[in-house]
Amino acid sequence: MTGFDVRAAVAEDYEEFLALFRGAMMFEMQADDLGRRMFEPERALVAVDGDEIIGTTRALTRDLSVPGAVVPAAHVTAVGVRATHRRRGVMSELISRQLREVPEAIAVLWASEPGIYGRFGYGAAAWGTSYEIDLRRVGPPAVRLRPGELGELPAEDAGKHLAPLLRSLQERRPGISGRSELGWQKHLLDKPDDRGGKTARRILVHRDDTGAIDGYALWRGKLSWESSGPANEVSLEELVAIEPSAYRALWQHLLTLDLAAKLEFGYAAIDEPLQQLVTTPTALNRRVTESLWLRVTDVVRALDQRRYAVPVDLVFEVADDLIPANAGRYRLTAAGPVAEARCERTLDPADLSLAVTELGAAYLGGRPLAEFAATDRITEHTPGALATATAAFGWPAHPVSIEIF
Ligand SMILES: CC(C)(COP(=O)(O)OP(=O)(O)OC[C@H]1O[C@@H](n2cnc3c(N)ncnc32)[C@H](O)[C@@H]1OP(=O)(O)O)[C@@H](O)C(=O)NCCC(=O)NCCS
């Protein structure tokens, strides 16, 4: 007798679902038409005590860039349990059922606390780097701009101009979540109540010499005045630039804004090129945390659908307590970064053994598999297998997640 049931949500649950999650996160968010249209009740689960919702989780239908491909990934969010019903296994029941039911081969999420999701087989797969840039010390890149190279877009319809750039970024870097048209609308919403004392969002764009937009930055400012003079703060929300010229020009603009003393950015990659362009990288004040967590829900499909940096032919023994059908031995073969990979079950002896958690952590190419040997979380049975697997799972660009969903 657990005192609660778990069921699939229905459209009519939207408001109560949102109220529950809002209460759990201590975060004000109002029900609105856009939220209702994006709800996907069939992809949401609720825990109920009698008629009342006491726990929630949902999976958003989005794609994700992984090494060499863009694939469907269940984007898990809205995990919340009413404060009066915590620590009775409600979240465990919701998350376990969700992981067994999602059709995608991988699930991803951002965790409010790093201690929550490892027990369900999620591994921290991407490091997020936040910057608190001291603009007086950083030494921005020197750029001479053409007239018209930088400009601004009004928010209306901006999504349709920016969407192709996000798709291009997906082809270059793992960890980037795709956005539907509705997703862009939600991303660019700018309700005055949500600005926290900052200005309206500015949409800065870079144009190549044909006039086409090849980079953008979403940012806001905040007035601040110290006894020594102006010390405004710049909050950079997102910067996507495909060509190096666009990347350099956008950063130069943001790092040299008049009256500003500090720039905050929460979504830099650990190998963010900006580090090479400024004269004083320590003035970036970098802080690294876990960002995207990834759970492999179907080993064969998950390993099949990404590419591998070097040729590999190895047998992996994977342990999975939560999804027993996932456990077993798998042979992974691939001929290098541009070749399709093949993963199939095998009875051959294993070259390496690991749990699904470590497979998830290494999946995006941001965590070397060898990292886990030092704590016995991966075991090498065939000499050399760990070095080959580590090289194969790695990728030239580190993964980064540029949006908390
Ligand atoms: C986090 C939350 C969903 C947990 O719900 P819950 O129903 O109490 O979780 P469970 O009872 O299933 O706990 C399962 C295990 O996770 C652990 N756990 C729960 N919350 C945790 C946290 N915040 N940090 C670390 N461990 C946590 C529990 O101690 C328990 O461990 P045990 O089995 O070793 O005893 C709930 O407390 C909540 O809504 N918190 C605020 C919102 C939030 O942080 N949501 C997550 C968004 S990513």
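The values are calculated or read from the model by the stated rules, or taken from the named source; none is laboratory data. Just so you know, these numbers come straight off a predicted model, no measurement behind them. All Cβ positions, even for glycine, are placed from backbone atoms using ideal geometry, and neighbour counts span all protein chains on display. Just the protein is used for accessible areas: all its heavy atoms, side chains included, with ligands, DNA and RNA removed. Shrake-Rupley method; radii C 1.70, N 1.55, O 1.52, S 1.80 Å.
Every residue, every condition in (1) of a type in the set (Val, Ile, Thr); (2) surrounded by fewer than 22 Cβ atoms within 10 Å (Cβ to Cβ), yes or no:
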| position | (1), (2) |
| --- | --- |
| 289 | yes, yes |
| 298 | no, yes |
| 325 | no, yes |
| 339 | no, yes |
| 348 | no, yes |
| 369 | no, no |
Identity of the residue in the range 86-115, surrounded by 15 or more Cβ atoms within 10 Å (Cβ to Cβ) and away from the ligand (no atom under 13 Å from the Cβ), that ends up farthest from residue 55 (Cα to Cα): 105
Residues (farther than 23 Å from residue 108 by Cα and among the β-branched types (Val, Ile, Thr)) located in the range 335-381: 338, 346, 375, 379
First in the range 387-405 and closer than 19 Å to residue 360 by Cβ, second anywhere and polar (S, T, N, Q), Cβ under 6 Å, 6 or more apart: 401/291; 405/77
Number of the condition not met by residue 340 [criteria: (1) part of a loop (DSSP other than H, G, I, E, B); (2) under 22 Å from residue 124 (Cα atoms); (3) in contact with a strand residue (DSSP E or B) (Cβ under 8 Å, 6 or more places away or on another chain)]: (2)
Unmet requirement for residue 10, which otherwise passes all of (1) touching a helix residue (DSSP H, G or I) at 6+ places or on another chain (Cβ under 9 Å); (2) under 24 Å from residue 295 (Cβ atoms); (3) among the β-branched types (Val, Ile, Thr): (2)
Only listed residue being in the same structural domain as residue 77 (by TED's automatic domain parsing), within 12 Å of the ligand (Cβ to nearest atom) and open to solvent by less than 40 Å² (accessible area, probe 1.4 Å), chosen from 21, 27, 39: 21
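Please count how many residues of the range 75-85 are open to solvent by less than 20 Å² (accessible area, probe 1.4 Å) and more than 6 Å from the ligand (Cβ to nearest atom). Spell out the reasoning first.
Restricting attention to the range 75-85, the residues satisfying the condition of being open to solvent by less than 20 Å² (accessible area, probe 1.4 Å) are 75-76, 78, 80.
Those still in the list that are more than 6 Å from the ligand (Cβ to nearest atom) too: 75-76, 78.
Number of matching residues: 3.
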